[in-house]
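A.B. asks: Structure provided below as structure tokens; questions to follow.
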Amino acid sequence: MSGLFAYGLDFTQRFHSAGANDLVVNFEPIAVKDDVDNHYDLKCSLQDLLHRPPDLLEEPTKKNPYFKETVLINRRLLFGR
């Protein structure tokens, strides 16, 4: 994993309340099977840490440029670079 970001309102006090945890992760390029395993393992670990399930997305690609722009503008780095 090269980066973990909160986006939307999650980097405010709502992040610590019962609100949703909207997170975006960047994984280094690896085999698809390993990518799926890493995503699931990270989601389970974050759920244990946060005591509720996170909405964990991989960084948006070119498929939805509007969503990608929104995430890039509003994200806050939690871990990595």
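No lab work stands behind these numbers, since they all come straight from the coordinates. Computed from a prediction, not measured in an experiment: that's the story for all the values here. With ideal geometry, Cβ positions are generated from the backbone for all residues, glycine too; neighbour counts draw on all protein chains shown.
A.B. asks: R0 = 25 Å: FRET efficiency of Tyr40 with Leu78, Cβ-based, nearest 0.05? Each step should come with its number before you reach the end.
C.D. replies: Details: r = 19 Å, r/R0 = 0.76.
Efficiency, from the Cβ-Cβ distance: 0.85.
A.B. asks: Give me the number: length gained by fully extending Ile30 to Arg52, i.e. 0.36 nm times residue separation minus the C-alpha to C-alpha distance, one decimal in nm. The partial results should precede the final answer.
C.D. replies: Numbers: separation 22, 0.36 × 22 = 7.92 nm, distance 2.78 nm.
Computed gain between Ile30 and Arg52 is 5.1 nm.
A.B. asks: Residues with beta-carbon under 12 Å from that of Asp41, excluding Asp41: net charge, scoring Lys, Arg +1 and Asp, Glu -1?
C.D. replies: Details: positive: Lys43; negative: Asp34, Asp35, Asp37, Asp48.
With Lys, Arg at +1 and Asp, Glu at -1, the neighbours total -3.
A.B. asks: Scan around Leu57 for amide H atoms under 5 Å from its own, H built in the peptide plane at 1.01 Å from N, and keep only partners 5 or more places away or cross-chain.
C.D. replies: Result for Leu57 returns Leu23, Val24, Val25.
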